[in-house]
Amino acid sequence: MNFHIAVIPGDGIGPEIMDQALLVLKEIGSIYHHEFRFSEVMMGGCAIDKKGEALPQEDLTICLKSDAVLLGAVGGEKWDHLPGDQRPERGLLRLRKELGSYANIRPAVLYKELKDACPLKSEIIGEGIDLCVVRELTGGIYFGEKGRRRGTMGEQAYDIEIYSETEIESIARTAFEVARKRNKKVTSIDKANVLESSRLWRSVMEKVAGEYDDVVLNHMYIDNAAMQLIKNPSQFDVIVTTNMFGDILSDEASMITGSIGILPSASLGEGKIGIYEPIHGSAPDIAGLDLANPIGMILSAAMMLRYSFDLESEAKSIENAVVNILGKNIRTRDIMGEGMHLVGTKEMGKLIADELR
Ligand code: NAD
């Protein structure tokens with residue numbers, strides 16, 4: 001099959017880790033007889049320097065015409081002095097808006113090989129952690145009406161949480177579809193004992209669950225969920241929640257897996273053009289030093305194969321290659337431990353690509 005991928009290396013370590021993801025994809029293409037066509041897109045600080053804006057129109061057009069977008073990371077100190085609407089992150093926000101990416105999918109996996117990096121006790125971790133947070137990305141309190149006014153007790157500020165039925169239906173379907181590709185369990189997180197928006201959220205989740213007889217749905221309050229993630233993370237398969245609760249829970253979930261360098265993410269909309277990127281930033285402190293861990297980027301490419309191209313076996317074989325390499329005690333500096341074999345960004349990428357064969 002043929003796939004057209006918009007490739008955004010971005011800033012900082014972005015280009016280095018992207019090279020490794022492309023190496024792995026080329027290997028997958030040759031093993032499984034797929035043709036991946038890559039078009040490089042300029043976004044972020046590098047685009048500001050060369051073309052004067054974070055996401056030039058011609059680069060956006062390439063993304064809109066592609067089958068999927070693969071993104072390294074954008075940003076860095078060099079552009080921190082710019083006003084908010086001219087900064088590198090603007091490019092990313094515009095891209096998400098243009099692609100209608102309303103669902104953020106963040107798997108949080110703790111491989112047993114990396115148990116030492118996890119802050120939880122080993123009896124809690126058991127055989128590892130493998131859950132996935134599906135967060136609504138374009139609605140809720142972050143986008144509701146907000147403002148300030150004078151009240152009888154001085155200045156007041158307010159942010160309104162609004163969710164409509166169709167928004168909740170869309171994110172619910174995403175979560176159930178993701179669960180179908182995993183262990184078929186969805187936990188919906190809300191605060192339905194207090195919030196009206198949560199009561200609508202819960203009832204729409206129940207309604208959509210009726211379309212997915214093969215997936216089990218349960219509900220949990222956000223305060224309990226924050227605790228359960230630490231107490232018993234292996235009870236979760238797919239967590240689906242609102243923009244704000246998801247913002248907090250997805251960071252908590254990635255923290256318990258130990259390393260920021262190995263976690264991938266996807267932002268999806270109605271169509272199949274997803275944006276796939278590691279959860280970390282551009283790490284300017286280690287850029288150009290061959291120190292960055294490329295695994296988060298490589299696993300983002302695996303997510304792209306699974307969610308945008310429906311290539312489950314190919315995605316799985318990348319994930320297996322990563323686990324095998326970790327099992328051979330090969331580590332980049334960020335996940336280095338005693339008795340392990342230290343490698344750089346390029347070597348890690350090459351070893352994972354070789355492992356696919
Ligand atoms: P960061 O994630 O870039 O770095 C945090 C720490 O983790 C640093 O010490 C870094 O060296 C380390 N780290 C990150 N990725 C790593 C990897 N793959 N391998 C090894 N170590 C890794 O976060 P930050 O320092 O807060 O942000 C740096 C820049 O990235 C900022 O300009 C920020 O705005 C931007 N940023 C971009 C995105 C994005 O493109 N989606 C996301 C977050 C931050």
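Each reported figure results from applying straightforward, stated rules to the coordinates on display, with no laboratory input. These figures come from a predicted structure and were not determined experimentally. Here the Cβ positions follow ideal geometry from the backbone for every residue, glycine too, while neighbour counts run over all protein chains shown.
Below, the figures for the structure above:
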{"read-out": "Members of LYS26/LYS65; LYS112/LYS185; LYS26/LYS328; LYS78/LYS181 lying beyond 31 Å, as alpha-carbon distances in this model show", "value": "LYS78/LYS181"}
{"read-out": "Long-range amide H partners of ASP130 with built H, under 5 Å", "value": "LEU110"}
{"read-out": "In order through region 327-338: 3J(HN,Hα) via Karplus (6.51 cos²θ - 1.76 cosθ + 1.60), integer Hz, x for Gly, Pro", "value": "x, 8, 6, 8, 9, 8, 4, 5, 10, 5, x, 4"}
{"read-out": "FRET efficiency, 1/(1 + (r/R0)^6) with R0 56 Å, evaluated for LYS346 and GLU252 via beta carbons", "value": "0.95"}
{"read-out": "10 Å binning of all Cα-Cα separations within the chain, expressed as whole percents from 0 upward", "value": "5, 24, 32, 26, 10, 2, 0, 0"}
{"read-out": "Efficiency of FRET between LYS272 and ASP116 - r from beta-carbon atoms, R0 41 angstrom, step 0.05", "value": "0.60"}
{"read-out": "Local electrostatic count, LEU291, Cβ distance below 10 Å [Lys/Arg +1, Asp/Glu -1]", "value": "-3"}
{"read-out": "Packing-based order for 294-300, 88-94, 120-126, using average beta carbon neighbours within 10 Å, highest first", "value": "294-300, 88-94, 120-126"}
{"read-out": "Ranked packing of 230-239, 203-212, most packed first, by mean Cβ within 10 Å", "value": "230-239, 203-212"}
{"read-out": "Beta bridges per DSSP with both ends in the chain, % antiparallel, nearest 5", "value": "45 percent"}
{"read-out": "Shape of region 9-70, Cα gyration tensor, a/c cut at 1.5", "value": "oblate"}
{"read-out": "Local electrostatic count at ARG357 - Lys and Arg +1, Asp and Glu -1, tallied over other residues with Cβ under 13 Å", "value": "-1"}
{"read-out": "Förster radius 22 Å - calculated FRET efficiency between GLU89 and ASP49, Cβ distance, rounded to 0.05", "value": "0.90"}
{"read-out": "Cα-based convex hull volume of region 58-127 per residue, rounded to whole Å³", "value": "177 Å³"}
{"read-out": "Estimated vicinal HN-Hα couplings, Hz - region 185-199 in sequence order (Karplus 6.51, -1.76, 1.60; Gly, Pro = x)", "value": "9, 10, 10, 8, 9, 8, 9, 5, 6, 10, 9, 5, 4, 5, 5"}
{"read-out": "Region 248-357: radius of gyration and largest Cα-Cα distance (Dmax), Å", "value": "14.3, 47"}
{"read-out": "Potential lengthening between MET227 and MET336 on full extension [0.36 nm per residue; Cα-Cα distance subtracted]", "value": "36.3 nm"}
{"read-out": "Cα-based Rg of region 241-285 normalised by 2.2 N^0.38 Å, two decimals", "value": "1.31"}
{"read-out": "Placed amide H near VAL216: partners under 5 Å, 5+ positions off or other chain", "value": "LYS185, VAL186"}
{"read-out": "Potential lengthening between SER164 and HIS219 on full extension [0.36 nm per residue; Cα-Cα distance subtracted]", "value": "17.9 nm"}
{"read-out": "Separation in nanometres of the label points that stand 7 Å from Cα toward Cβ, at LYS184 and GLU211", "value": "1.9 nm"}
{"read-out": "Cα gyration tensor category, rounded, prolate or oblate, for region 206-263 with a/c compared to 1.5", "value": "prolate"}
{"read-out": "Over the chain: helical MRE at 222 nm, DSSP H runs n ≥ 4 each giving -39500 (n - 2.57), nearest 500", "value": "-12500 deg cm²/dmol"}
{"read-out": "From phi via Karplus (6.51, -1.76, 1.60), per-residue ³J(HN,Hα) for region 12-19 in Hz, x at Gly/Pro", "value": "x, 7, x, x, 5, 6, 5, 3"}
{"read-out": "Gain upon complete extension [ASP19, ARG148; 0.36 nm per residue less C-alpha separation]", "value": "41.7 nm"}
